[in-house]
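The values are calculated or read from the model by the stated rules, or taken from the named source; none is laboratory data. Quick caveat: nothing in here was measured; it's all calculated off a predicted structure. Cβ: placed from backbone, ideal geometry, glycine included. Neighbour counts: every protein chain shown.
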Amino acid sequence: MKTTIEIADDLVKTAKAYAAQENITLRALIERGLRLALRSDSQSRRFALRDASVEGRGLKAPFNDADWARVRASIYEGRGG
């Protein structure tokens with residue numbers, strides 16, 4: 001199938017030089033690049049963060065109304081923090 005695309009001048013110049021060096025046509029180089037890009041995209045999977053939540057009903061007394069600074073101070077109490 002014939003189609004027309006616009007490619008940046010510097011990219012075409014580099015691509016033509018590379019194709020000549022590899023002794024292939026510009027068309028073959030473009031087709032190879034498209035196949036590689038499509039294969040790569042189909043093989044990549046999106047990262048999914050596993051659910052690491054825990055059961056519970058929130059903070060326990062005496063921390064149920066405490067701010068983070070108080071919780072942190074309690075965690076490091078007696079540990080030099």
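Check off (1) among the aliphatic types (A, V, I, L, M); (2) assigned to a loop (DSSP other than H, G, I, E, B); (3) surrounded by 10 or more Cβ atoms within 10 Å (Cβ to Cβ) for M1 and give me the number that stays unchecked.
Of the numbered conditions (1) among the aliphatic types (A, V, I, L, M); (2) assigned to a loop (DSSP other than H, G, I, E, B); (3) surrounded by 10 or more Cβ atoms within 10 Å (Cβ to Cβ), the odd one out for M1 is (3).
In the range 21-62, how many residues are surrounded by 10 or more Cβ atoms within 10 Å (Cβ to Cβ), without any contact (Cβ under 8 Å) to a residue 12 or more places away in the chain and in a loop (DSSP other than H, G, I, E, B)?
The number of residues fulfilling the criteria is 2.
Could you please give the count of residues in the range 7-21 that are of a type outside the set (S, T, N, Q) and over 14 Å from G33 (Cα atoms)?
6
Within the range 72-81, restricting attention to residues that are of a type in the set (D, E, K, R) and assigned to a loop (DSSP other than H, G, I, E, B), which residue is modelled with the lowest pLDDT?
R79
Name the one entry in A17, A69 that is surrounded by 10 or more Cβ atoms within 10 Å (Cβ to Cβ), part of a helix (DSSP H, G or I) and at pLDDT 90 or above.
So the residue among A17, A69 that is surrounded by 10 or more Cβ atoms within 10 Å (Cβ to Cβ), part of a helix (DSSP H, G or I) and at pLDDT 90 or above is A17.
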